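Here the structure comes first, spelled out in structure tokens, and everything after it is commentary.
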Amino acid sequence: MIRYIFRRLAAGVVLLLVVTMVVFAIFFLVPRLAGIDSDGLAARYIGKSPSPEAIAAVKERLNLDEPITVQYWEFVSGLVMGQEYDSGTDIIHCDAPCFGYSFKTNTEVWPQLLERLPVTGSLAIGAAVIWLVAGVSIGVLSALRRGSLLDRAAMMTALAGVSLPIFFTGLVSLALLSYYWPIFPPGGSYTDFTENPLAWAHGLVLPWVTLAFLYAAMYARLTRAGMLDTMGEDFIRTARAKGLPERTVVTKHGLRAALTPIITIFGLDFGLMLGGAVLTESTFSLPGLGKFAVDAIRGSDLPVVLGVTMFTAVFVVIANLVVDVLYAWVDPRVRVGA
């Protein structure tokens, strides 16, 4: 089991290296292949109407005239060891981990990411708990009562949840529960958990439910399909023939075997949520990573976009590592194979 975990950790390190190559290629190599020279690439890091002096300064700071291998080495080494930028008058230090330096605001990207991470983390964790509990529970009940009124109503609701976009359900919930009936605060009212836990939860109820409605619908359909396949297996009939209680058969044998695809998709979804729930944060004006990225795109602040992209990729890789370890706990066959 320990060897299995170490192999997964080593694979995670390799995957992170591949991620850095892909992100670097998207932001530095692909524009050159599209015909953009170093001046045009440097102008993207400045914003609108850059001056020739500013373009020359950014080219010098990012080594855009150097070979592509040198640029990649500077990019990777900056992530793990920090980086220095020569502004012409002084040296700008970007401490490790350096996820970029915004030349528009003259600030490092990493502290800004950390500042907005609690908002995104609060949104992702709360919504994940709701969609996981609700989606799996509804999926199990629908599978056990296949063809019943409960099953049909649950699947119709799940179909509506999958079909309706987040910005639509978010705006409807805001219009009804924040403005028409002022039960919950309007968008943009985020309170830190350490300041007032009740106000923190009260301000996030609508974003949680809006985000969880979509994912709970998908998880309910996936759980139902997995339970229907699992409950017809030979080991389920054997467990019932041995006289085990139906609750034990369903939870310990049926649900546990059906959880493998749920864990896979949950790891990916949760990793992406930690990288920023763009639509939800924009709809409710939450100052998280998703809205941070949208504002950076609108303001043509490319280093911030690069930093958020890399930050999200790291979360997804870490989530995959956790999923691999959970496989060994949920499915004993993984431990035997390891």
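What single numbered condition from (1) of a type in the set (Phe, Trp, Tyr); (2) modelled with pLDDT of 85 or more; (3) under 30 Å from Lys252 (Cβ atoms) fails to hold for Tyr327?
Answer for Tyr327: the failing condition is (2).
Tell me which residues, restricted to the stretch 246-291, are open to solvent by less than 20 Å² (accessible area, probe 1.4 Å) and of a type in the set (A, V, I, L, M, F, W, C).
Val249, Val250, Ala258, Ile262, Met273, Ala277, Phe284, Leu286, Leu289
Within the stretch 36-52, is even one residue farther than 22 Å from Gly299 by Cα and free of Cβ contacts under 8 Å to residues at least 40 places away in the same chain?
No; the residues of the stretch 36-52 include none that is farther than 22 Å from Gly299 by Cα and free of Cβ contacts under 8 Å to residues at least 40 places away in the same chain.
Among the residues of the stretch 210-223, is there at least one that is touching a residue at least 12 places away in the same chain (Cβ under 8 Å), exposed (fewer than 14 other Cβ atoms within 10 Å of the Cβ) and farther than 30 Å from Leu286 by Cα?
No, every residue in the stretch 210-223 fails to be touching a residue at least 12 places away in the same chain (Cβ under 8 Å), exposed (fewer than 14 other Cβ atoms within 10 Å of the Cβ) and farther than 30 Å from Leu286 by Cα.
Could you give me the residue pairs with C-beta distances under 8 Å whose first residue belongs to the stretch 249-276 and is outside any helix (DSSP H, G or I), whose second residue is of a type outside the set (Phe, Trp, Tyr) and open to solvent by 50 Å² or more (accessible area, probe 1.4 Å) wherever it lies, and which are 6+ apart or on separate chains?
Gly276/Lys291
Taking the criterion of being free of Cβ contacts under 8 Å to residues at least 60 places away in the same chain, closer than 23 Å to Leu204 by Cα and buried (at least 17 other Cβ atoms within 10 Å of the Cβ), would at least one residue in the stretch 114-131 satisfy it?
No - not one qualifying residue is present in the stretch 114-131.
Can you pull out every residue in the stretch 71-114 that is at pLDDT 75 or above and aromatic (Phe, Trp, Tyr)?
Once the filter is applied, which keeps residues that are at pLDDT 75 or above and aromatic (Phe, Trp, Tyr), the stretch 71-114 yields Tyr72, Trp73, Phe75, Phe99, Tyr101, Trp110.
I need the full set of residues from the stretch 168-200 which are in contact (Cβ under 8 Å) with a residue 40 or more places away in the chain, open to solvent by less than 50 Å² (accessible area, probe 1.4 Å) and not in a loop (DSSP other than H, G, I, E, B), in order please.
Thr169, Gly170, Leu174, Trp200
Among the residues of the stretch 53-82, write down those that are touching a residue at least 24 places away in the same chain (Cβ under 8 Å) and of a type outside the set (A, V, I, L, M, F, W, C).
Glu60, Arg61, Asp65, Gln71, Tyr72
Yes or no: the stretch 134-143 includes at least one residue that is under 30 Å from Val23 (Cα atoms) and open to solvent by 50 Å² or more (accessible area, probe 1.4 Å).
No: the stretch 134-143 contains no residue that is under 30 Å from Val23 (Cα atoms) and open to solvent by 50 Å² or more (accessible area, probe 1.4 Å).
Return yes or no: is Ile46 modelled with pLDDT under 80, under 21 Å from Ala293 (Cα atoms) and not assigned by TED's automatic domain parsing to the domain that holds Met310?
Answer is yes for this residue.
The values are calculated or read from the model by the stated rules, or taken from the named source; none is laboratory data. Just so you know, these numbers come straight off a predicted model, no measurement behind them. With ideal geometry, Cβ positions are generated from the backbone for all residues, glycine too; neighbour counts draw on all protein chains shown. Areas reflect the complete protein model, heavy atoms only, side chains present, ligands, DNA and RNA absent. Shrake-Rupley method; radii C 1.70, N 1.55, O 1.52, S 1.80 Å.
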